[in-house]
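The values are calculated or read from the model by the stated rules, or taken from the named source; none is laboratory data. Since the structure is predicted, the reported quantities are computational estimates derived from the model, not experimental observations. Cβ placement follows ideal geometry from the backbone for every residue including glycine, while neighbour counts extend to all protein chains displayed.
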Amino acid sequence: MASITAPVAPGIWPAFWLLPQDPFTWPNEGEVDIMESWNGDLDSHSCLHWGHYNGQDWNKHRVLKTRTPGLPTPDGVLFGFAWSEDQATGTGKLIWYINNTPVMRAAKPPGTRPMKDFRILLNIAVGGTVNKGRLPNDGVYEMTVRDLEIWDAPPSGRGGWPGFERDWKTTQEGKPT
């Protein structure tokens with residue numbers, strides 16, 4: 001969980017995401033985007049990737065876009081992510097939260113590395129395909145991250161693991177891209 005104030009400008013791509021520790025094969029072993037905002041919009045993109053965007057992997061992405069007008073404000077937005085995993089079978093459930101509201105769920109795909117292998121990344125990229133090649137204007141673009149927390153169970157305010165199971169039943173599945 002992290003409270004984030006992010007820049008919202010054309011050509012800017014702030015992100016809060018998870019990637020397997022090195023060495024890994026991208027994107028086959030998984031990438032989890034807890035928050036991405038693209039090209040000056042006020043949307044957060046919750047994403048799960050575990051394959052390429054074409055050929056036999058065409059459906060190996062789950063994405064949901066959520067309007068987040070508070071993203072550039074001083075208070076920012078609270079982004080959360082919970083991952084339940086059966087270590088014996090490797091199966092699992094993932095839920096994305098924005099301001100403590102569940103916004104997307106996805107089953108852990110086969111072949112995705114276990115949760116213990118992932119690391120947290122926070123960054124601002126410029127340009128890129130999601131920004132349609134646009135580069136930002138000259139200037140300073142800052143992302144403020146407050147209260148980055150890692151818990152071994154979902155917060156008690158969400159009901160812990162029983163709350164996670166309730167959220168799983170009522171949260172929409174991410175859409176293939």
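Conditions tested, residue by residue: (1) within 23 Å of THR177 (Cα to Cα); (2) among the acidic types (Asp, Glu); (3) at pLDDT below 95.
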| residue | (1), (2), (3) |
| --- | --- |
| ARG62 | yes, no, yes |
| ARG67 | yes, no, no |
| PRO72 | no, no, no |
| ALA82 | yes, no, no |
| ALA88 | no, no, yes |
| LYS93 | yes, no, no |
| ILE98 | yes, no, no |
| MET104 | yes, no, no |
| PRO114 | no, no, yes |
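Looking at region 127-154, which of the residues that are in a strand (DSSP E or B) and not hydroxyl-bearing (Ser, Thr, Tyr) is surrounded by the most Cβ atoms within 10 Å (Cβ to Cβ)? Let's see the steps before the verdict.
In the first step, residues of region 127-154 are kept if they are in a strand (DSSP E or B); the result is 144-146.
Retained after the next criterion (residues that are not hydroxyl-bearing (Ser, Thr, Tyr)): 145-146.
Working: VAL145: 15, ARG146: 11.
My answer is VAL145.
If you go through region 94-110 one residue at a time, do you hit one that is among the β-branched types (Val, Ile, Thr) and either surrounded by fewer than 19 Cβ atoms within 10 Å (Cβ to Cβ) or in contact with a Lys or Arg (Cβ under 8 Å, 6 or more places away or on another chain) (or both)?
yes
Give me the strands (runs of 3 or more DSSP E) completely within region 33-90, filtered to those with at least 1 residues that are surrounded by 22 or more Cβ atoms within 10 Å (Cβ to Cβ) and among the small types (Gly, Ala, Ser), ordered by residue number. Talk me through it step by step, then tell me what you get.
Numbers: elements: 43-49, 61-67, 77-85.
In region 33-90, the matching strands (runs of 3 or more DSSP E) lie at 43-49, 77-85.
Checking the condition among the hydroxyl-bearing types (Ser, Thr, Tyr) and without any contact (Cβ under 8 Å) to a residue 24 or more places away in the chain, which residue from THR66, THR129, THR73 passes?
Details: THR66 fails: without any contact (Cβ under 8 Å) to a residue 24 or more places away in the chain; THR73 fails: without any contact (Cβ under 8 Å) to a residue 24 or more places away in the chain.
Only one candidate qualifies: THR129.
Any chance you could count how many residues in region 4-30 are closer than 26 Å to ARG113 by Cα and touching a residue at least 60 places away in the same chain (Cβ under 8 Å)? Even if it seems obvious, please write down each step before you answer.
Let us first name the residues in region 4-30 that are closer than 26 Å to ARG113 by Cα, namely 13-30.
With touching a residue at least 60 places away in the same chain (Cβ under 8 Å) added as a condition, the list becomes 13-21, 24, 28-30.
Going through region 4-30 one residue at a time, the tally reaches 13.
Looking only at region 111-126, filter to residues that are charged (D, E, K, R) and touching a residue at least 40 places away in the same chain (Cβ under 8 Å); which one of those is surrounded by the fewest Cβ atoms within 10 Å (Cβ to Cβ)? Spell out the reasoning first.
Kept after step one, since they are charged (D, E, K, R), are these residues of region 111-126: 113, 116-117, 119.
Applying the additional criterion that residues be touching a residue at least 40 places away in the same chain (Cβ under 8 Å) yields 113, 117, 119.
On the way: ARG113: 19, ASP117: 14, ARG119: 10.
Here the residue is ARG119.
Out of the residues in region 14-32 meeting the condition of being in a strand (DSSP E or B) and within 13 Å of the chain's Cα centre (by Cα), tell me which one is nearest to LEU94 (Cα to Cα).
VAL32
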